[in-house]
Amino acid sequence: MSEHNIESTLHEDRHFPPHADFIKKTSITTEKLTALYKSAEIDNQAFWADQARTELDWQTPFKTTLDSSNAPFYRWFPDGKLNASYNCLDRQLAQNADKTAIIFEGDAGDVQHISYRELHTRVCTFANALKAQGISKGDRVIIYMPMIAEAVIAMQACARIGAIHSVVFGGFSASSLKDRIEDTTAKLVITADGGHRGGKIIQLKSTTDTALESGCDSVEKVIVFKRTGHDIAMQAGRDIWWSDAEQDQNAECEPVWVEATHPLFILYTSGSTGKPKGIQHSTGGYLLNAITSMRWVFDIQPSDVFWCTADVGWITGHSYVAYGPLATGATIVIFEGVPTYPDAGRFWDMCQRHQVSIFYTAPTAIRALMKAGADIPNSYDLSTLRLLGTVGEPINPEAWMWYHTVIGKEKCPVVDTWWQTETGAHMIAPVPSVTVTKPGSCTRALPGIDAALVNQEGIEITEANQGGYLVIRQPWPSMVQTVWGDDQRYKDSYWPYFDGKYYLAGDSARRDEEGYFWIMGRIDDVLNVSGHRLGTMEIESALVAHPRVAESAVVGKPHDIKGEAVVAFVVLNGDRPDGGIDEALTEELRTWVGEQIGAIAKPDEIRYSDNLPKTRSGKIMRRLLRNIAKGEEITQDTSTLENESILPQLEGKA
Ligand code: WTA
C-alpha cells in the first residue's frame with residue numbers, strides 16, 4: 001500500500017458537478033437514480049430481478065433470483081436460460097441492422113465498418129465453423145489474437161454455441177499461454193498469423209506453436225486468422241486457416257440456450273500466491289451488470305460512438321468491448337495499435353475521425369500522453385467527446401485534471417471506475433449526469449452494490465478518512481463464480497475473513513466526509529503495472545527458474561507513467577557481480593522474465609545482493625525492500641536481520 005498515495009489525495013477538495021450540456025442529453029436524471037438506489041435498498045434481490053427482466057432477453061424466464069444455498073458459490077437466476085450472443089446481436093436486427101456495430105482501425109490506419117447485420121452473419125458463420133471442428137457447449141476455447149474485430153467475433157461465436165472462451169492477451173509469452181491452455185484443457189486455439197502494433201509484427205502463430213510443442217495434449221485444432229500475411233508454419237491435420245474453416249458454413253446459427261449460470265468465459269488474473277487464477281464468469285449475471293453499467297456509468301445513447309481502448313485480453317475488453325456495448329446496441333471502436341504510433345496524437349486523431357463521444361482508457365495512457373504535451377491534443381477537434389472514463393489503477397489528481405481540461409475541455413464528466421476482473425463490471429463509479437466528481441476518487445457504489453470499509457475484525461469503519469479493507473457485503477449478479485477448477489482457492493482468496501460473509505476485494509481504501517471512496521492500493525503482494533495486475537510471486541518464480549538465480553524478491557515502486565515499476569532483488573548462485581553491476585546478466589534476466597510471463601512483467605530494475613533481508617524466522621522483509629526500492633530512509637528496526645551488512649548492497653551503494 002502506498003503511503004504517498006494517501007498523502008497526495010487527502011488534500012484534494014476540488015469538486016466538479018456535471019456540466020449542463022451533459023445533463024440535457026442524459027436518460028439518468030437525479031430522480032431516476034434516487035429511485036434506483038431506493039429500490040435496491042428496500043429489496044436488493046427484487047431490484048436485480050427487475051433489472052434482469054428489463055435488460056435481458058430470456059428464452060426461459062427465471063423464477064429464482066438468487067440461490068445462496070451453497071454460499072459463497074452464489075448462483076444468480078439459476079433456472080433461467082438465455083444466450084449472450086443473442087442478447088448482443090439478434091436483438092439489434094429488428095431496428096438496428098444497418099447501424100455500425102464496429103469501427104475497426106488497424107495499426108497502419110486501415111479502417112473497416114461492420115454493421116450489426118454483418119456482425120451477426122460473421123459470428124454465426126464462425127460459430128458454425130467451430131461446431132464443424134467439434135466444439136460444443138462447455139468446451140473450452142483459447143483465443144490468442146491481435147486486437148482486431150475477429151477477436152470479438154471469435155468470442156461472440158463461442159458464446160453463441162455455449163463454448164467457454166478464455167482470451168489470452170497477445171503480449172503474453174508461450175509459457176503463459178501454455179499454462180492457460182493446460183489449466184482450461186482447451187480443445188481448440190484461435191489465433192492469427194500475427195498482429196500489427198506500433199509498426200511491428202507481433203508473432204502469434206509461432207508463439208502458439210512453441211506453447212503447443214510440449215504438453216497441451218488437450219488441443220486438437222488451431223484456427224488461424226490471416227492478418228499480417230507473413231510466412232508462418234501450418235501443421236497439417238492440426239492447423240486450419242480461418243477462411244477455410246468458414247468455407248461452406250451457413251450464415252445462420254441457432255443460439256444454444258444456456259443456463260444463466262453457465263460459464264461464459266474464464267479469464268486469468270494474478271493473485272498473491274501461485275499461478276494466475278482462472279476467474280470464471282456466468283452468462284446471465286455477468287451480462288446484466290455489463291449492461292447496467294453501460295447505462296448508469298457510460299450513459300450510453302443510440303447516437304454514441306463508444307471507444308474503450310482496452311485489449312480483449314483483459315476484463316475491461318470483455319465487459320466494455322465485446323459484451324456491454326454490443327448488448328446495448330452501441331457503435332464501438334476497436335483499435336489494433338498503440339497510443340503513440342505513428343505519434344502521440346493517434347488517440348486524438350482517431351477520436352476526431354471516428355467522432356468518438358465516449359472515451360474510456362487507463363491512467364497510465366493518460367499520463368504518457370500528458371507527458372507528450374497539450375499541443376498535440378489541442379491540434380485535433382475533440383468536440384464530439386461528451387464523456388471520459390478511466391480504469392485500472394488510482395488516477396492521480398494531476399492526470400485527472402489534465403484529462404478533464406485538455407481532453408474534455410471542462411465539459412465532459414470524468415468517470416473514475418473502480419472494479420476488478422472478479423467483479424465483472426463497475427462497482428464504485430460516478431453516474432455522470434448526477435454525481436459531483438472529485439479528482440482521484442471513484443465516488444460512490446452503484447445502485448445494488450453494497451460496498452463498505454471494514455477493519456481486520458470485519459467491523460465497519462464509519463469514521464471519515466480512516467483506511468480499511470474494501471469489501472462487498474451482498475452478492476451481485478456479475479460476481480466471479482469460482483476459480484476455474486479450484487473452488488478452495490476461490491474461497492481462500494475472496495472470502496477468507498469475517499466468517500466468509502463479505503467479498504474481500506484485496507484493495508484498501510478510505511472514505512471522505514461525504515462518503516466518497518478513495519482507493520489506496522492493493523493489500524496483498526500484487527503489483528499494478530500500467531493498470532495490469534502482476535503477482536510478485538509469479539515474477540519471483542520466473543526469476544528463480546533461471547539457472548543463475550538462487551533467490552529473489554520482487555517489490556513495486558512508484559513510477560511516473562506506469563503507476564508502479566517492478567524492482568527485483570536477486571541472489572545469484574555463485575558470486576555477486578562486482579559492485580552489484582552486470583548489465584549483460586540484467587538484460588538476460590529481463591528477457592528471461594519476458595519469455596516466462598510476458599513483456600509487461602520485465603523488471604525495470606534488478607539489484608544483486610549476497611542474500612535477502614529476512615527476519616530470524618526466515619520471512620523476507622518486504623516492507624523494508626519496498627522502502628529501499630523507493631530510496632526512502634530506513635527507519636525500521638533492522639537489528640533482527642540475519643545480516644545487516646547487505647543493506648548497502650540492496651540500496652545499490654556497494
Ligand atoms: C485496481 C481492472 C483505483 C484495483 C478493471 C483493483 C483501481 C485492480 C481502479 C483490478 C480505479 C481498478 N481506481 N484502483 N478506478 N480500477 N483498480 O482485475 O487495485 O485488472 O483491485 O481489473 O485494479 O484489476 P483488474
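The values are calculated or read from the model by the stated rules, or taken from the named source; none is laboratory data. Only a predicted model underlies this, so the values are computations on that prediction, with no experimental measurement involved. Neighbour counts run over all protein chains shown; Cβ positions are idealised from the backbone, glycine included. Remember, those area values only see protein heavy atoms, side chains included, never the ligands or the DNA or RNA. Shrake-Rupley method; radii C 1.70, N 1.55, O 1.52, S 1.80 Å.
Points worth noting:
- For peptides 63-72, 193-202, sequence by mean Cβ density within 10 Å, most packed first: 193-202, 63-72
- In region 529-649, the C-alpha radius of gyration followed by the widest Cα-Cα span (Dmax) gives 13.9, 38 angstrom.
- Rounded to 5, the percent of DSSP beta bridges in the chain classed as antiparallel: 60 percent
- Alpha carbon centroid spacing (whole Å) that separates region 444-461 from region 374-411: 30 Å
- Helix-only CD estimate at 222 nm, as mean residue ellipticity for the chain, using -39500 (n - 2.57) per DSSP H run (n ≥ 4): -8000 deg cm²/dmol
- Charge context of Thr482, other residues only, Cβ under 12 angstrom, K/R +1, D/E -1: 0
- Rounded to the nearest 20 debye, dipole of the chain from Cβ charges on Lys, Arg, Asp, Glu: 1020 debye
- Of the accessible area of region 18-506, computed with a 1.4 Å probe over protein heavy atoms only, carbon and sulfur atoms account for 46 percent.
- Centroid-to-centroid separation of region 489-533 and region 285-328 [C-alpha atoms, Å]: 23 Å
- Accessible surface ranking for Lys557, Lys438, 1.4 angstrom probe, highest first: Lys557, Lys438.
- Radius 10 Å from Cβ of Val338, net charge of other residues (Lys, Arg +1; Asp, Glu -1): +1
- The portion of the accessible surface of region 529-649 made up by carbon and sulfur, rounded to a whole percent, is 46 (1.4 Å probe; DNA, RNA and ligands excluded).
- Note on His165: accessible area is roughly 0 Å² with a 1.4 Å probe, heavy atoms of protein only.
- Per residue accessible area in Å² of the chain, where ligands, DNA and RNA are left out and the probe is 1.4 Å: 38 Å²
- Relative contact order (percent, whole number), region 529-649, Cα cutoff 8 Å, 6+ residue spacing: 25 percent
- Charge dipole of the chain about the Cα centre (unit charges at C-beta), most positive-ward option of Asn250, Ala601, Asn643: Asn250
- Any cysteine of the chain lacking a neighbouring Cys Cβ under 4.7 Å - listed by number: Cys88, Cys158, Cys216, Cys308, Cys351, Cys412, Cys442
- With a threshold of 30 Å on the Cα-Cα distance, the over-threshold entries among Lys38/Lys409; Lys81/Lys491; Lys63/Lys99; Lys226/Lys409; Lys24/Lys63 are Lys38/Lys409; Lys63/Lys99; Lys226/Lys409; Lys24/Lys63.
- When only alpha carbons are used to place a centre, region 547-581 and region 215-237 end up 36 Å from one another.
- Working note: Karplus 6.51/-1.76/1.60 with θ = phi - 60° gives region 273-288 the couplings 10, x, 6, x, 8, x, 6, 9, 10, 7, 8, x, x, 4, 5, 4 Hz, where Gly and Pro are set to x.
- Under 16 Å from the Cα of Lys200 - aspartates and glutamates, other chains or at least 8 residues apart: Glu105, Asp107, Asp110, Asp231, Glu336, Asp343
- Surface calculation, 1.4 Å probe, protein heavy atoms: Phe22 sits at approximately 10 Å² accessible.
- Net lengthening on full extension, Lys501/Asp110 (0.36 nm per residue, minus Cα-Cα): 135.7 nm
- Phi-based couplings in Hz for region 378-393 (Karplus 6.51, -1.76, 1.60; Gly and Pro marked x): 5, 8, 10, 8, 9, 6, 6, 5, 10, 8, 10, x, 9, 7, x, 6
- Rel. contact order, % - alpha carbon contacts under 8 angstrom, at least six apart, region 21-135: 14 percent
- Length released on extending from Glu254 to Ala545, taking residue separation times 0.36 nm less the Cα-Cα span: 100.0 nm
- Mean separation of Cα contacts under 8 Å, 6 or more apart, over the residue count of region 451-569: relative contact order %: 18 percent
- Computed over protein heavy atoms with a 1.4 angstrom probe, the accessible surface ordering of Ile42, Ile472, largest first, is Ile42, Ile472.
- Tensor-based shape of region 102-208 (alpha-carbon gyration tensor, a/c under 1.5 rounded, otherwise prolate or oblate): oblate
- Integer Hz, Karplus 6.51/-1.76/1.60 couplings in order for region 263-272, x for Gly and Pro: x, 7, 7, 10, 9, 7, 9, 6, x, 7
- Within a straight-line Cα-Cα reach of under 20 Å, Lys187 can be paired with the following lysines, leaving aside sequence neighbours fewer than 8 residues apart in one chain: Lys131, Lys137, Lys178, Lys205, Lys221, Lys277.
- Largest to smallest in accessible area, the residues Tyr516, Tyr469 fall in the order Tyr469, Tyr516 (1.4 Å probe, all protein chains included).
- Residue (of Ala451, Gly80, Gly618) at the positive-pole extreme of the chain, dipole from beta-carbon charges: Gly80
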